[in-house]
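Input: a single structure, listed below in structure tokens.
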Amino acid sequence: MAPTPTPKPCLLYDGRHYELGESVAHQLINVMLQMRREVDRRMVQHDLTDAQWKPLWMLKIGRASNAIELAREMDIDAGAVTRMLDRLEAKGLLERVRSEADRRVVHLRLTAAGEAVAKKVPYVLAAVNNDFLRGFSETEWKQLRRLLARMADNGASLQADGEAA
């Protein structure tokens, strides 16, 4: 069985004639910023800021259970997480609970009010995504997701290559 040939690199951009507006990265960032602004605008209706709904959602879906995990998931420093958690605790949306096994560990738990607010987050996110995908067919949506996944895989392999060097 013959080995699969390595595809030739696709050089779609040329630094001598690079146009920012034609950059896929620029377009992705622009769409992402528009979506973030729209999510922020809609979260205000639930009395939540960007810095508040994200940690509530991360806790709700189990992506984090303490401040260190939240900082890692949200890609922010520990000091910012502490201030953010102070505000969420003051609003009665979460509580800090010391671990029974290790008193140095502080777990984060949503309060009943925090659970109620966190339940609204996926509906806002779904609505914004649907609005931005208006006019797309399901096939186009799936194709877009596959193409973005390929780009992410390329980025991951560049990261791995850079770390190996």
Count of region 132-156 residues which are touching a residue at least 60 places away in the same chain (Cβ under 8 Å) and over 16 Å from Leu28 (Cα atoms)
0
Pairs needed: first member in region 42-69, surrounded by fewer than 17 Cβ atoms within 10 Å (Cβ to Cβ); second member anywhere, of a type in the set (D, E, K, R) and part of a helix (DSSP H, G or I); C-beta distance under 9 Å; at least 6 residues apart or different chains.
Thr49/Asp40; Thr49/Arg87; Asp50/Arg36; Asp50/Asp40; Ala51/Arg83; Ala51/Arg87; Arg63/Glu69; Arg63/Glu73
Return the residues of region 108-165 that are of a type in the set (S, T, N, Q) and either in contact with a Gly (Cβ under 9 Å, 6 or more places away or on another chain) or more than 25 Å from Trp53 (Cα to Cα) (or both); say none if nothing qualifies.
Thr111, Ser137, Thr139, Gln143, Asn154, Ser157, Gln159
Can you spot a residue in region 99-113 that is assigned by TED's automatic domain parsing to the domain that holds Pro55 and touching a residue at least 60 places away in the same chain (Cβ under 8 Å)?
no
Quick check on this structure: which one of Glu69, Glu89 is over 25 Å from Asn129 (Cα atoms), touching a strand residue (DSSP E or B) at 6+ places or on another chain (Cβ under 7 Å) and assigned by TED's automatic domain parsing to the domain that holds Lys120?
Glu89
Select the helices (runs of 4 or more DSSP H) contained entirely in region 70-165, then report the ones holding at least 1 residues which are out of contact with any helix residue (DSSP H, G or I) (no Cβ under 9 Å at 6 or more places or on another chain) and surrounded by 14 or more Cβ atoms within 10 Å (Cβ to Cβ).
78-90
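The values are calculated or read from the model by the stated rules, or taken from the named source; none is laboratory data. Note that the structure is a prediction, hence the values are computed from the model and not measured. Neighbour counts run over all protein chains shown; Cβ positions are idealised from the backbone, glycine included.
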